[in-house]
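Below is one structure; the comments refer to it alone.
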Amino acid sequence: MRQVFRGAVLLLLLLIVVPAPANAQQEQPPLVRVGTEGTYPPFSFHDPGTQELTGYDIEVVKAIAAKAGWRLEFVETQWDAIFPALDASRIDLIANQVSRNPERAAKYGLSSTYTYSRGVIVRRTGDQRISSIADLRGKTTAQSSTSNWAKVARDAGANVEAVEGFAQAAALLQQGRVDAIVNDNIAVLDYLATTGSKDVEIAGDAGQSGSEQVLALRQADSALLSQADQAIAALKADGTLRGISQKYFKADVSVENGGAADLSEGRGPRSTWDVLASTAWPMFVGLVKVTIPLTALSFAIGLVLALLVALARISPYKVLSGLARAFISIIRGTPLLLQLFIVFYGLPQIGLKFPPFTAAVVAFSLNVAGYAAEVIRSAILSVPRGQFEAASTIGFGYAQTLRRIVLPQAARTAVPPLSNTLLSLLKDTSLGSVVLLTELFRESQLAAAESNEFLALYSFAGLYYWVICVALSAGQKRLETRLNRYVIA
Amino acid sequence: MTDIRIEVTGLHKSFGSLDVLRGIDFTTPRGTSTVLLGPSGSGKTTLLRSLNALDTPDSGVVRIDDVSVDFSALPPGKAGRAESARLRAQSGMVFQSHNLFPHRTVLQNLTEGPVVAQKRPLDEVVGEARTLLDQVGLADKADSYPHQLSGGQQQRVGIARALALKPRVVLFDEPTSALDPELVGEVLAVIKDLASEGWTTVIVTHEIRFAERVADQVLFLDGGVIVEHGTPGQVIGDPREERTRRFLRRVLDHG
């Protein structure tokens with residue numbers, strides 16, 4: 001039995017430590033991983049009925065793939081993580097209304113233009129202070145911080161409040177937390193049509209010139225880039241792009257001056273109950289398929305590591321205890337989000353690239369190890385010295401004493417604080433949403449971006465977390481009762 | 001010709017600048033009881049704990065049967081710990097505060113060492129353990145947890161746990177000091193039985209009257225040396241040294 005358990009733990013560690021091998025099949029068409037927000041309607045969003053990823057950019061890139069003979073895999077992430085993901089080779093191409101600008105042209109391989117549009121300034125309805133780009137000086141706007149629109153706003157002298165997508169920006173503007181938004185004309189029209197909002201309005205154009213949107217690739221992938229360019233040219237020639245554009249915007253945005261986009265029909269506002277009903281299942285799937293396995297696996301591995309770190313910490317060997325102390329100090333002294341980013345975006349730069357789920361397990365289990373190690377250490381030290389002596393007089397060695405005498409008693413002390421660690425971990429896995437994991441919280445974000453039902457969706461996601469936490473707390477209580485049976489008469 | 005079971009030669013031990021043992025020599029014949037007497041701080045507990053290397057002397061030799069450890073030549077690290085463990089395996093120990101394993105039943109407390117450390121077959125060990133529990137009058141408590149027992153019962157389990165190891169020597173570190181007065185008698189009775197059954201015992205105690213009855217040999221320690229040794233009649237009944245007399249007067253007045 002113990003052998004089986006050991007084998008299982010070893011196998012797990014191997015699976016996690018050994019990065020998945022690159023797909024080496026030559027025969028199949030090339031697999032192109034496309035990074036997109038999934039929260040930027042009408043370009044990239046989830047159809048509320050089917051939950052499928054769709055939108056203008058999605059259909060365009062699918063048409064390109066059909067022409068160029070690519071297989072596609074969509075990777076959804078928020079805007080500010082898209083270029084880092086491209087740099088770290090987690091994706092090969094960005095299809096998310098990337099505006100062409102000199103900085104990007106210098107660093108990335110940019111395709112020919114597939115969307116011509118213009119930036120507009122959005123204000124609260126009737127706010128006369130803001131009517132042109134010049135009025136943004138000294139005001140605050142809400143933007144994805146690394147977007148081209150953020151650059152436009154900054155250049156105009158605005159303070160930029162960083163947000164994760166247009167829906168969030170619109171919410172901040174409506175709530176009066178920012179003064180304006182600079183964004184794409186089409187995105188704004190879509191928002192106004194979908195929400196039926198009368199609280200915000202378009203104040204005017206953001207600057208004279210229009211903007212051109214392109215696909216972004218790594219500069220080194222020149223073959224992929226020329227395939228994309230050829231495909232775009234062909235799709236323009238055969239009218240496919242015009243067709244997609246007409247479907248979404250009633251205008252052809254794939255050429256300059258192709259007419260004014262008209263989104264007044266919109267996708268139609270839905271009731272809060274409709275939104276919740278159609279999102280409850282995807283959130284549940286995110287909970288069961290990602291949140292819970294991620295929590296369980298990270299906690300199990302984290303505890304094993306924590307025990308080793310705790311033993312190193314109390315060992316008489318100075319080097320060992322020093323290393324353990326340093327590890328604990330680093331883990332507890334830095335933000336979990338930063339640790340996650342180091343594992344996910346940092347390590348690939350030195351050749352250690354893990355798939356998203358594995359990267360999250362690595363980061364979360366190391367974090368658990370740092371915190372739980374101190375809990376386990378103090379629990380071990382709380383076992384009376386006489387127990388260690390008695391164990392040694394009946395002939396036990398170090399490992400036997402630990403396993404059979406000390407740890408079972410230390411468990412009693414350690415269970416309440418370790419339960420706290422577990423509950424924190426469960427909730428912290430929501431950070432997985434920033435490393436391309438579609439877990440429970442990410443599902444609620446996706447739905448909120450499409451529907452603007454922030455309060456209802458985030459509350460509902462909270463309910464899921466809370467129910468699991470209540471169940472875990474009940475489990476903790478039973479475990480404590482069990483461990484207390486030999487001290488309470 | 002007597003068969004020497006314990007032989008201690010030239011034992012020294014200091015904690016920092018405090019010399020606790022300053023040259024201890026004695027022998028214990030097989031099947032006898034040796035009682036260590038002395039005021040607190042005299043070094044008697046340290047001496048007892050040196051016999052199974054729970055405390056490591058700085059120098060001197062301890063031999064129990066065929067296992068002999070020269071502490072001045074003890075190798076550092078793992079090898080030294082292995083040698084100490086070999087000496088420790090020769091004896092069983094009964095602690096002042098019993099140190100029973102609270103998460104194990106009474107029976108499991110007895111079987112743990114023989115089964116896990118000595119790797120003896122479980123059913124054989126369980127049989128012996130039940131006999132031992134019967135012997136200390138606790139046959140009906142086999143499946144209780146230690147916290148369900150009285151102090152005297154706990155200490156009797158502690159004694160049975162030491163015996164279950166089939167040790168060459170049984171060491172007692174003030175086995176009745178932590179007990180309520182009315183519980184002392186039942187524990188002393190068990191220890192006295194052991195002595196008459198032929199176990200070799202070394203006992204640190206403050207119970208002078210008990211020492212008189214049970215001991216074959218009494219060692220009186222003070223300031224880290226053996227001041228006086230002999231039969232109970234000699235050391236307790238007719239002490240030659242002033243230090244011994246002063247100690248006995250004080251203890252017997254209060255006792």
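The values are calculated or read from the model by the stated rules, or taken from the named source; none is laboratory data. The model shown is predicted, which means the values in this text are computed figures rather than measured ones. Heads up, the Cβs are rebuilt from the backbone with ideal geometry, glycines too, and the neighbour counts pull from every protein chain shown.
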- [ ] Name every residue in the stretch B:93-106 that is surrounded by 21 or more Cβ atoms within 10 Å (Cβ to Cβ) and more than 7 Å from chain A (Cβ to nearest Cβ), in order of residue number.
- [x] B:Val94, B:His98, B:Leu100, B:Val106
Task: strands (runs of 3 or more DSSP E) lying entirely in the stretch B:18-133 (those with 3 or more residues that are in contact (Cβ under 8 Å) with a residue 12 or more places away in the chain and charged (D, E, K, R)) - done: B:18-29
Task: Single residue of the stretch A:402-427 satisfying the filter (surrounded by fewer than 20 Cβ atoms within 10 Å (Cβ to Cβ) and charged (D, E, K, R)) that is nearest to the other protein chains (Cβ to nearest Cβ) - done: A:Arg404
TODO: Scan A:Ser197, A:Ser222 and give me the residue that is out of contact with any helix residue (DSSP H, G or I) (no Cβ under 9 Å at 6 or more places or on another chain), outside the structural domain of A:Gln445 (by TED's automatic domain parsing), touching a residue at least 12 places away in the same chain (Cβ under 8 Å) and of a type in the set (Ser, Thr, Tyr).
DONE: A:Ser222
Task: strands (runs of 3 or more DSSP E) within the stretch A:168-238 that include 2 or more residues among the polar types (S, T, N, Q) and crowded, with 18+ Cβ neighbours inside 10 Å - done: A:211-218
- [ ] Among residues belonging to the stretch A:264-318 that are surrounded by fewer than 16 Cβ atoms within 10 Å (Cβ to Cβ) and among the aromatic types (Phe, Trp, Tyr), point out the one that is farthest from A:Ala456 (Cα to Cα).
- [x] A:Tyr317
Task: The one condition in (1) surrounded by fewer than 19 Cβ atoms within 10 Å (Cβ to Cβ); (2) out of contact with any Gly (no Cβ under 9 Å at 6 or more places or on another chain) that B:Thr45 fails to fulfil - done: (1)
TODO: State the number of residues belonging to the stretch A:108-132 that are assigned to a strand (DSSP E or B) and touching an Asp or Glu at 6+ places or on another chain (Cβ under 8 Å).
DONE: 10
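Would you be able to tell me the number of residues in the stretch A:319-339 that are without any contact (Cβ under 8 Å) to a residue 24 or more places away in the chain and out of contact with any Ser or Thr (no Cβ under 8 Å at 6 or more places or on another chain)? I'd like the intermediate steps shown before the answer.
First, the residues of the stretch A:319-339 that are without any contact (Cβ under 8 Å) to a residue 24 or more places away in the chain: A:319-323, A:325-326, A:329, A:333-335, A:338.
Okay, now just the ones that are also out of contact with any Ser or Thr (no Cβ under 8 Å at 6 or more places or on another chain), so A:319-320, A:322-323, A:325-326, A:329, A:333-335, A:338.
Qualifying residue count for the region: 11.
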- [ ] Kindly list, by first and then second residue, each pair from a residue in the stretch B:230-255 that is at pLDDT below 90 to a residue that is surrounded by fewer than 16 Cβ atoms within 10 Å (Cβ to Cβ), limited to pairs with Cβ atoms under 8 Å and residues at least 6 apart or on different chains.
- [x] B:Gly255/B:Arg209
Task: Selection count where residues are away from chain B (no Cβ under 14 Å) and either of a type in the set (Lys, Arg) or within 34 Å of the chain's Cα centre (by Cα) (or both), scope the stretch A:342-401 - done: 36
Task: Sole residue being of a type in the set (A, V, I, L, M, F, W, C), over 23 Å from A:Glu212 (Cβ atoms) and either assigned by TED's automatic domain parsing to the domain that holds A:Leu189 or surrounded by fewer than 22 Cβ atoms within 10 Å (Cβ to Cβ) (or both), chosen from A:Ala105, A:Ala63, A:Ala142, A:Ala156 - done: A:Ala142
Open item on the list: I'd like the full set of residues that are basic (Lys, Arg) and within 14 Å of chain B (Cβ to nearest Cβ), limited to the stretch A:448-489.
Closed with: A:Arg482, A:Arg485
- [ ] Answer yes or no as to whether A:Gln175 is over 16 Å from A:Leu263 (Cα atoms) and free of Cβ contacts under 8 Å to residues at least 60 places away in the same chain.
- [x] yes
Open item on the list: Against the condition of a type outside the set (Val, Ile, Thr) and free of Cβ contacts under 8 Å to residues at least 24 places away in the same chain, how does A:Arg270 come out, does it pass?
Closed with: no
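Would it be correct to say that A:Pro29 is at pLDDT 80 or above and not in a helix (DSSP H, G or I)?
Considered against the rule, which asks whether it is at pLDDT 80 or above and not in a helix (DSSP H, G or I), A:Pro29 comes out as yes.
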- [ ] Might you let me know whether the stretch A:428-436 holds any residue that is touching a strand residue (DSSP E or B) at 6+ places or on another chain (Cβ under 9 Å), assigned by TED's automatic domain parsing to the domain that holds A:Phe299 and either of a type in the set (D, E, K, R) or within 17 Å of A:Leu472 (Cβ to Cβ) (or both)?
- [x] no
- [ ] Check whether at least one residue in the stretch B:188-202 is part of a helix (DSSP H, G or I), touching a helix residue (DSSP H, G or I) at 6+ places or on another chain (Cβ under 9 Å) and polar (S, T, N, Q), and report yes or no.
- [x] yes
TODO: Report yes if some residue within the stretch A:294-314 is assigned by TED's automatic domain parsing to the domain that holds A:Leu426, of a type outside the set (Gly, Ala, Ser) and not in a helix (DSSP H, G or I); otherwise report no.
DONE: yes
